[in-house]
Amino acid sequence: MTTLAYADEQLSTATQSQRWVDICRQDQLIEDTGVAALLENGKQVAIFQLALKAQQIYAVSNFDPIGQANVLYRGIVGCVNSEPVVASPLFKQPFSLIDGRCVTDESISISVYPTRINDGKVQLLISD
Amino acid sequence: MSKKQHIVVVGNGMVGHHFVEQLSQSANAEQFEITVLSAEPRLAYDRVHLSEFFAGKSADDLAMTSMDLYQQWQVNFRINAKVDTIDRQGKTLTTQTGEVFSYDKLVLATGSYPFVPPIKGNDNPDCLVYRTIEDLQAISHCASKSKVGVVVGGGLLGLEAANALHHLGLQTHVVEFAPQLMAVQIDKPGGDILRQKIESLGVQVHTNRATTQIVAGDSCRHKLCFSDGEELETDLILFSAGIRPYDQLARQSELDVGERGGIVVNNQCQTSDENIYAIGECALWNNFIFGLVAPGNTMAKVAAEHLQGQSASFTGADMSTKLKLMGVDVGSIGDAHGKTPGSLTYRYEDQVNGVYKAMIVDSEQKKLLGAVLIGDTSEYDSLLQYMLNGIDLPAQPESLILPSNSDKPLLGADALPDTATICSCHNVTKADVITAIDEGAVTLDFIKSCTKASTGCGGCVALLKDVSSNELSCRGVEVKKDICEHFPYSRRELFDLIKIEKITNFNDLMAAHGSGLGCDICKPTAASIFASVWNEYILDKKHQPLQDTNDTFLANMQKDGTYSVVPRIPGGEITPDKLIVIGEVAKQYNLYTKITGGQRIDLFGARKEELPEIWRRLVDAGFETGHAYGKSVRTVKSCVGSTWCRFGVQDSVSMALFIEDRYKGIRSPHKLKFAVSGCTRECAEAQSKDIGVIATENGWNLYVCGNGGMKPRHADLFATDLDDETLIKYIDRVLMFYIETADRLQRTSVWMNNMEGGLEYLQDVVINDSLGLATYLEQHMDSIVGTYQCEWKTTLEDPKALERFKPFVNSDKPDSNIQFVEERGQIRPARPEEKTIAIVVQD
């Protein structure tokens with residue numbers, strides 16, 4: 001499970017090809033909804049902060065592999081059997097914020113990024 | 001292992017299909033190899049609901065099976081395979097294309113064809129019948145170039161056909177040889193009331209008319225000449241004068257046939273050749289042909305069981321029937337004409353409301369023999385049970401058909417014996433329903449699929465629901481209507497909780513009544529209810545995470561993630577100056593421009609970050625948001641009305657502007673579309689809208705619950721000749737009642753279809769204030785109207801809200817995956833193969 005503790009573990013075991021990247025200030029996130037961020041490599045990430053999950057921050061790819069558009073941060077967040085998900089705003093498929101799989105079609109999944117807060121900044125662990 | 005018996009079924013109508021289903025799904029199915037030969041170009045479809053083809057159902061919607069399903073059932077089949085000859089000695093049959101099939105047992109389910117009376121001139125191309133999907137296609141085609149249509153035959157099917165012509169916009173006549181309509185099923189007084197009702201709907205009925213010939217017309221293409229010298233001009237003639245069994249194959253192969261047609265069968269549905277069965281409308285049992293699907297299905301079952309060596313027999317069938325003809329409820333049970341010697345009749349007639357009920361009882365007034373119900377069939381189910389099960393009548397039998405304020409003895413679901421037939425189409429008894437429930441069917445849908453009950457004509461849905469709910473609640477099973485896994489409530493219950501407990505945000509709602517984080521079903525539903533009840537700014541911090549993406553960015557997301565923008569153009573009226581502004585904005589931001597069906601202009605291809613700038617220009621020019629993104633009131637379409645039009649009788653544009661201004665932005669369970677027409681020519685198409693208003697000489701006619709879209713529904717005429725004030729009062733009440741009681745994403749059309757008591761009930765609530773809610777509904781509407789705000793204006797004044805429109809939280813670069821190409825002088829989204837490939841779009 002991607003918790004803060006897990007993220008810290010990632011940090012301690014981060015290899016040279018992985019590094020923590022600053023994305024934005026935490027106060028730029030909007031509770032229970034998503035924002036999009038652009039990485040240096042051109043990839044887009046959807047970042048969510050869930051009030052009912054102790055303000056945990058989740059980051060997944062912003063690209064909806066079914067609708068083929070960069071829209072996932074605009075989906076509604078919620079849960080399926082208490083697993084946090086974001087529903088694609090195009091065709092409503094729920095994607096797990098924990099492991100990125102499409103809950104209704106497990107053959108499809110999106111990438112997930114470990115997150116942490118460092119000095120008031122939201123950081124993602126990026127593999128180069 | 002012994003060789004399989006080869007069963008060949010000729011004909012794949014409803015009954016032929018039912019036989020295939022019975023045999024192939026039986027426990028002994030592996031003993032048989034089944035081959036189906038259909039002369040039609042498609043497999044079995046639902047002919048009972050054929051008229052729904054005109055209401056927008058497709059051939060696929062009506063299909064009862066599919067090639068896939070038959071393959072799954074291991075049933076061989078051929079379509080377009082008309083059988084030419086049977087060789088009874090060699091036990092083979094040959095199709096028109098020369099294919100030969102051998103059989104061990106043969107089942108004839110060839111059905112019937114419409115009888116066309118031998119009238120001179122009946123062979124012209126505008127003479128049609130009403131039996132197959134191909135017939136309906138021909139009618140539709142012919143109607144498109146016709147003004148007047150005549151149905152020859154005033155029976156059940158004839159009236160259904162008349163309804164179809166009426167809906168196709170033809171001036172419609174029904175010509176009947178007998179002195180009354182539906183002479184087989186109902187008595188003369190009932191026939192008279194039915195006639196009045198049908199004529200009041202604009203269909204002319206001519207009884208006692210024998211057509212002698214069809215000749216060229218003067219004002220129309222043709223003219224019917226009657227034996228009494230009268231004539232009737234028409235463009236289209238539809239024969240519905242009864243059916244004749246398809247028995248040619250039986251005649252050729254010298255099986256016994258009846259004097260007036262029909263393949264003679266015994267109680268096991270065997271013909272005079274024991275290896276050949278006949279079932280359905282081609283079969284003649286006891287000198288009688290059953291032209292309904294229920295007895296046909298019973299025959300199919302008997303034949304299938306007999307083939308498996310069981311001792312089944314067909315012993316006749318109940319011909320009772322309940323249906324809605326042109327909006328008029330008609331029911332006929334048992335001996336409707338009181339032909340049983342010694343029988344007595346009770347009659348109730350209400351000419352004010354057009355209701356007629358007759359009840360035929362035995363000489364001792366102990367048992368019900370038959371009944372006729374016109375205009376109100378609410379007692380049909382219980383009367384049918386009295387008749388079928390021989391239940392003793394109450395001391396005062398007449399109380400069963402007298403209006404409901406008298407003490408009507410109720411025949412509840414528990415009172416029915418286990419042998420009571422619930423669904424006569426599929427011969428499902430109360431005991432079958434109980435067995436299904438005992439075996440684990442706990443929802444109505446599940447019970448339907450296990451027992452097949454209510455999947456034929458659908459007339460027993462209410463009864464099945466009663467019996468199932470009663471049985472389920474006896475077992476302590478609650479019938480679930482939960483909106484999603486997070487709230488154990490229906491939308492209507494959530495609405496009441498939010499209102500009564502004055503809950504104003506989702507977190508409080510979740511804490512008090514839900515569990516988990518919510519989802520994309522309950523969140524927007526809650527947001528919509530909050531908006532309907534409290535009407536706060538939808539992008540307020542506490543509401544914004546609940547909104548669908550369209551509401552979040554106050555625009556409509558398209559497939560590539562860009563948005564379309566729809567400014568409000570009330571009533572479709574726009575000044576040249578405003579039109580120029582729209583043109584300039586579209587040009588500046590390079591937007592694809594299209595006129596909508598709701599008389600507005602849609603601007604496509606706006607990036608999220610462009611939306612605030614676009615709207616600033618539009619708001620500065622005096623535009624308001626069009627709410628095209630919301631489940632809310634959209635447009636009020638109008639024609640120019642009496643201001644310009646030679647035919648207009650009221651100022652439809654002013655009324656449309658008033659209505660649009662009053663209801664704009666109101667959040668509702670689903671989108672709402674309105675229209676106002678200035679005269680009966682109906683150029684604004686108000687009858688296809690949720691709320692339709694049509695001008696009359698004396699005021700306005702109000703239509704409600706119409707719908708275009710996926711399942712078109714004609715709006716119901718709700719009230720006539722209203723003054724402005726009453727019109728608005730009624731619309732207020734209808735809308736508010738809908739907003740409070742409808743399910744999530746339920747359009748008004750479906751809401752109406754599911755409403756117990758239907759149109760009359762809604763009229764009672766709104767016009768007669770039967771629930772005492774009228775004042776409350778109006779006040780609630782007033783409070784919403786009084787707190788309207790243009791969401792775009794509010795958003796533009798809020799710098800924090802505008803932050804969210806930036807493309808990325810950490811960059812101002814635009815999304816490189818959004819790319820356009822040009823087509824017909826405007827942009828369109830690039831297809832994947834047209835996109836610049838150097839750009840990384842996914843991982």
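The values are calculated or read from the model by the stated rules, or taken from the named source; none is laboratory data. Source: prediction; values computed, not measured. For neighbour counting, all protein chains shown are included, and Cβ atoms are generated from backbone atoms with ideal geometry for every residue, glycine included.
Results, tabulated for the structure shown:
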quantity: One residue from B:346, B:277 being closer than 22 Å to residue B:24 by Cβ and part of a strand (DSSP E or B); calculated: B:277
quantity: Some residue of segment B:327-338 being over 27 Å from residue B:420 (Cα atoms) and in a loop (DSSP other than H, G, I, E, B); calculated: yes
quantity: Near pairs, Cβ below 9 angstrom, 6+ apart or cross-chain, from segment B:508-530 (modelled with pLDDT under 95) to any residue that is in a loop (DSSP other than H, G, I, E, B) and aromatic (Phe, Trp, Tyr); calculated: B:513/B:489; B:514/B:489
quantity: Which listed residue is touching a residue at least 12 places away in the same chain (Cβ under 8 Å), at the interface with chain B (Cβ under 7 Å from one of its Cβ atoms) and outside any loop (DSSP other than H, G, I, E, B), from A:21, A:35; calculated: A:35
quantity: Residue in segment B:113-127 that is hydroxyl-bearing (Ser, Thr, Tyr) and surrounded by 18 or more Cβ atoms within 10 Å (Cβ to Cβ) present; calculated: no
quantity: Residue check, residue A:65 of a type outside the set (A, V, I, L, M, F, W, C) and without any contact (Cβ under 8 Å) to a residue 40 or more places away in the chain; calculated: no
quantity: Selected residue (only one of B:749, B:783 is touching a Lys or Arg at 6+ places or on another chain (Cβ under 6 Å), among the small types (Gly, Ala, Ser) and either more than 14 Å from every other protein chain (Cβ to nearest Cβ) or farther than 16 Å from residue B:607 by Cβ (or both)); calculated: B:749
quantity: Flag if residue A:102 is within 16 Å of the chain's Cα centre (by Cα), at pLDDT below 95 and at the interface with another protein chain (Cβ under 7 Å from one of its Cβ atoms); calculated: no
quantity: Elements of type strands (runs of 3 or more DSSP E) contained in segment B:1-115, each with 1 or more residues being among the small types (Gly, Ala, Ser); calculated: B:100-102, B:112-114
quantity: Residues of segment A:45-92 satisfying the condition of being surrounded by fewer than 21 Cβ atoms within 10 Å (Cβ to Cβ) and in a loop (DSSP other than H, G, I, E, B); calculated: A:54, A:55, A:65, A:66, A:67, A:68, A:81, A:82, A:91, A:92
quantity: Test: residue in segment B:719-736 that is away from chain A (no Cβ under 14 Å), touching a strand residue (DSSP E or B) at 6+ places or on another chain (Cβ under 7 Å), at pLDDT below 95 and surrounded by 21 or more Cβ atoms within 10 Å (Cβ to Cβ); calculated: no
quantity: Hits in segment B:787-814 - residues which are facing chain A (nearest Cβ under 9 Å) and under 44 Å from the mean Cα position of the chain (by Cα); calculated: B:804
quantity: Pairs where the first residue, in segment B:480-492, is within 14 Å of another protein chain (Cβ to nearest Cβ) and the second is part of a loop (DSSP other than H, G, I, E, B) and surrounded by fewer than 18 Cβ atoms within 10 Å (Cβ to Cβ), C-beta under 7 Å, 6+ apart; calculated: B:483/B:490; B:486/B:515
quantity: Residue within segment B:589-597 that is among the polar types (S, T, N, Q), within 14 Å of chain A (Cβ to nearest Cβ), surrounded by fewer than 22 Cβ atoms within 10 Å (Cβ to Cβ) and closer than 26 Å to residue B:708 by Cβ present; calculated: no
quantity: Selection within segment B:428-459 - of a type in the set (S, T, N, Q), closer than 19 Å to residue B:22 by Cβ and modelled with pLDDT under 80; calculated: B:449, B:454, B:455
quantity: Residue list for segment B:175-201, restricted to those being assigned to a loop (DSSP other than H, G, I, E, B), under 22 Å from residue B:226 (Cβ atoms) and of a type in the set (Asp, Glu); calculated: B:176
quantity: Any hit, segment B:472-491, residues being at pLDDT below 80 and of a type in the set (S, T, N, Q); calculated: yes
quantity: Selection from segment B:797-829 of residues that are more than 19 Å from residue B:586 (Cα to Cα) and among the small types (Gly, Ala, Ser); calculated: B:801, B:811, B:816
quantity: Matching residues in segment B:282-295 - criterion: being of a type outside the set (Val, Ile, Thr), in a helix (DSSP H, G or I) and modelled with pLDDT under 95; calculated: B:294, B:295
quantity: Selected residue (criterion: farthest from the other protein chains (Cβ to nearest Cβ)) from residues of segment B:549-588 that are over 21 Å from residue A:91 (Cα atoms) and of a type in the set (S, T, N, Q); calculated: B:575
quantity: Inter-residue pairs, beta-carbon under 9 Å, first facing chain B (nearest Cβ under 8 Å) and under 17 Å from residue A:82 (Cβ atoms) and in segment A:46-59, second small (Gly, Ala, Ser) and part of a strand (DSSP E or B), 6+ apart; calculated: none
quantity: Residue identified as farther than 30 Å from residue B:833 by Cβ and more than 7 Å from chain B (Cβ to nearest Cβ) among A:40, A:83; calculated: A:83
quantity: Of the criteria (1) touching a strand residue (DSSP E or B) at 6+ places or on another chain (Cβ under 7 Å); (2) crowded, with 22+ Cβ neighbours inside 10 Å, which one residue B:516 fails; calculated: (2)
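For every residue, the table says whether it meets (1) touching a residue at least 12 places away in the same chain (Cβ under 8 Å); (2) surrounded by 23 or more Cβ atoms within 10 Å (Cβ to Cβ); (3) farther than 13 Å from residue B:599 by Cα.
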| site | (1), (2), (3) |
| --- | --- |
| B:639 | yes, yes, no |
| B:652 | yes, yes, yes |
| B:671 | yes, no, yes |
| B:689 | yes, yes, yes |
| B:699 | yes, no, yes |
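One line per residue, one yes/no per condition, for (1) assigned by TED's automatic domain parsing to the domain that holds residue B:88; (2) touching a strand residue (DSSP E or B) at 6+ places or on another chain (Cβ under 8 Å); (3) in contact (Cβ under 8 Å) with a residue 40 or more places away in the chain:
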site: B:9; (1), (2), (3): yes, yes, yes
site: B:12; (1), (2), (3): yes, yes, yes
site: B:20; (1), (2), (3): yes, yes, yes
site: B:26; (1), (2), (3): yes, no, yes
site: B:30; (1), (2), (3): yes, no, no
site: B:33; (1), (2), (3): yes, yes, yes
site: B:37; (1), (2), (3): yes, yes, yes
site: B:43; (1), (2), (3): yes, yes, no
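Listed here are the residues, each with its yes/no results for (1) assigned to a loop (DSSP other than H, G, I, E, B); (2) farther than 28 Å from residue B:586 by Cα.
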residue	(1), (2)
B:617	no, no
B:650	yes, yes
B:654	no, yes
B:673	no, no
B:676	no, yes
B:679	yes, yes
B:684	yes, no
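Per-residue answers, yes or no, for (1) in contact with a helix residue (DSSP H, G or I) (Cβ under 8 Å, 6 or more places away or on another chain); (2) assigned by TED's automatic domain parsing to the domain that holds residue B:717; (3) within 22 Å of residue B:12 (Cα to Cα):
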residue	(1), (2), (3)
B:295	no, no, yes
B:334	yes, no, no
B:341	no, no, no
B:359	yes, no, no
